[in-house]
Amino acid sequence: GAFMDRSVLEGDPHSVIEAMAIAGYAIGATQGYVYVRAEYPIAVHRLQIAIDQAREYGLLGKDIFGSGFDFDLHIRLGAGAFVCGEETALLTSI
């Protein structure tokens, strides 16, 4: 939700996808969620394009590269800055 997160999502969303897939593999997760403030439409748009590309190339989804590892990402739009610092409000908004 921070401004610096916005710049990463707008400038290199593939790095976020890669990092989340690696983290997902490390902990055995099959789903990941990216919380993005609705006030950042460019970041949301670019991230969605990058997620779609990753799915198309087999970098997200079922049985990634025949590895048996399933992992997918989902974008969740946030409710604004007032939620970002409060964990219970953040989880509720997701």
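The values are calculated or read from the model by the stated rules, or taken from the named source; none is laboratory data. Everything numeric here is computed off the predicted structure, so don't read it as measured data. Note that each Cβ is placed from the backbone with ideal geometry, even for glycine, and that neighbours are counted across all protein chains shown.
Remarks
- Single residue of ARG37, ARG46 found to be of a type in the set (Lys, Arg) and modelled with pLDDT of 95 or more: ARG46
- Residues satisfying the stated conditions in region 22-48, i.e. in a helix (DSSP H, G or I), in contact (Cβ under 8 Å) with a residue 12 or more places away in the chain and surrounded by 11 or more Cβ atoms within 10 Å (Cβ to Cβ): GLY24, TYR25, ALA43, VAL44, ARG46, LEU47, GLN48
- Among the numbered conditions (1) touching a His at 6+ places or on another chain (Cβ under 9 Å); (2) in a loop (DSSP other than H, G, I, E, B); (3) hydrophobic (A, V, I, L, M, F, W, C), the only one that ALA54 does not meet is (2).
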